[in-house]
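Remarks on the structure that follows.
The values are calculated or read from the model by the stated rules, or taken from the named source; none is laboratory data. The structure displayed is predicted, hence computed values, not measured ones. All Cβ positions, even for glycine, are placed from backbone atoms using ideal geometry, and neighbour counts span all protein chains on display. In case anyone asks, the SASA skips ligands and DNA or RNA and just uses the protein heavy atoms, side chains included. Shrake-Rupley method; radii C 1.70, N 1.55, O 1.52, S 1.80 Å.
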Amino acid sequence: MNRTRIVRWLRVLLPLVALAMLSTMFLLSRGSDTESRIPYAEVDAQAAAREGRIVGPEYMGVTEDGVQMSLAASSVAPDAAAGGGRAQDLRLDWQRPDGVTADLVAPSGGAGEGVVSLEGGVVMSTSTGWQVRTDRIEALTERSVITADQGIEADAPFGTLRADRMRLAPEGDADGDVDADAGGDKPAILNFSGGVRLIYQP
């Protein structure tokens, strides 16, 4: 058998051997025991599109007196009656230039003209050691003001407190009396009014 004939046979046999090896590898290979680790959201895309709903929205902004605001929700849908949107599972992070912070969480809420409202059992925790619970809280988006007027309960570093209303704003701010540009330079005051009852625990 001459060299040319050997080369011709190898051209036929080698691809067949390679094909047989690959087929054996695929037939004997075991399935992967690990599940896909790629994160995904279980979202009904058709329902979201039909309702005009946005999943996992986030909003960040800065007020005129320098407060950084970060608002996140699990979902938000348009609300024509409120002139804005209705959101579920809200979290608002609020930070003043002097380092005072407030973290607010609520089951629902909405946003309208210059205000973010949190409803349905709101909890506000501040960096100064206060925890305030109420049915509804409003935070202005143009000035560093947070208010509640439907009754509050609060845990303070020195006891517990109940009141009709609460206002967290720069010192001297009474319904917007402080100039917005100067509000960030004044200390934040947490003010309670209307039937205030304090149980002091030294």
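Taken together, the residues in the range 77-100 that are assigned to a strand (DSSP E or B), open to solvent by 20 Å² or more (accessible area, probe 1.4 Å) and at pLDDT 85 or above amount to 5.
When you scan the range 157-168, do you find a residue that is among the aliphatic types (A, V, I, L, M) and more than 12 Å from residue 193 (Cα to Cα), even just one? The answer is no; no qualifying residue exists. From the list 103, 65, the one residue that fits, being open to solvent by less than 40 Å² (accessible area, probe 1.4 Å), under 15 Å from residue 188 (Cβ atoms) and either touching a strand residue (DSSP E or B) at 6+ places or on another chain (Cβ under 9 Å) or assigned to a loop (DSSP other than H, G, I, E, B) (or both), is 65.
In summary, residue 138 fulfils each of the numbered conditions (1) charged (D, E, K, R); (2) open to solvent by less than 50 Å² (accessible area, probe 1.4 Å); (3) at pLDDT 90 or above with the single exception of condition (2).
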